[in-house]
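The values are calculated or read from the model by the stated rules, or taken from the named source; none is laboratory data. In this text, all values refer to a predicted model and were calculated from it rather than measured experimentally. When we count neighbours, we look across all protein chains shown, and the Cβ atoms used for this are built from the backbone with ideal geometry, even at glycine.
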Amino acid sequence: MYARDKQHASMLARHWLDQRTYLTQHFFTPCPKGFTVGDITIPGHLTAH
């Protein structure tokens, strides 16, 4: 999932994870600079300067 930060990811994933109690371990990895998968680029979190 794509989220702004760890707290946002936790909020978005809560319902999905609640339905999958067999998934006992999960991690939220921040990527503030974004990331690339193949030819798809996911932008990072934009902040005002």
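Assorted remarks:
- Scanning segment 27-38 for residues that are among the aromatic types (Phe, Trp, Tyr), in a loop (DSSP other than H, G, I, E, B) and surrounded by 10 or more Cβ atoms within 10 Å (Cβ to Cβ) turns up just one, PHE28.
- For beta carbons closer than 7 Å, sequence separation of 6+ or different chains, a first residue in segment 23-42 that is under 19 Å from LEU12 (Cβ atoms) and a second that is in a strand (DSSP E or B) and among the basic types (Lys, Arg), there are no qualifying pairs.
- Selection status of TYR2, modelled with pLDDT of 80 or more, part of a loop (DSSP other than H, G, I, E, B) and either surrounded by fewer than 10 Cβ atoms within 10 Å (Cβ to Cβ) or among the hydroxyl-bearing types (Ser, Thr, Tyr) (or both): no
- Residue check, THR41 modelled with pLDDT of 85 or more, of a type in the set (Val, Ile, Thr) and either surrounded by 10 or more Cβ atoms within 10 Å (Cβ to Cβ) or in a strand (DSSP E or B) (or both): yes
- Residue count for segment 8-26 satisfying the condition of being part of a helix (DSSP H, G or I) and either under 15 Å from the mean Cα position of the chain (by Cα) or surrounded by 10 or more Cβ atoms within 10 Å (Cβ to Cβ) (or both): 10.
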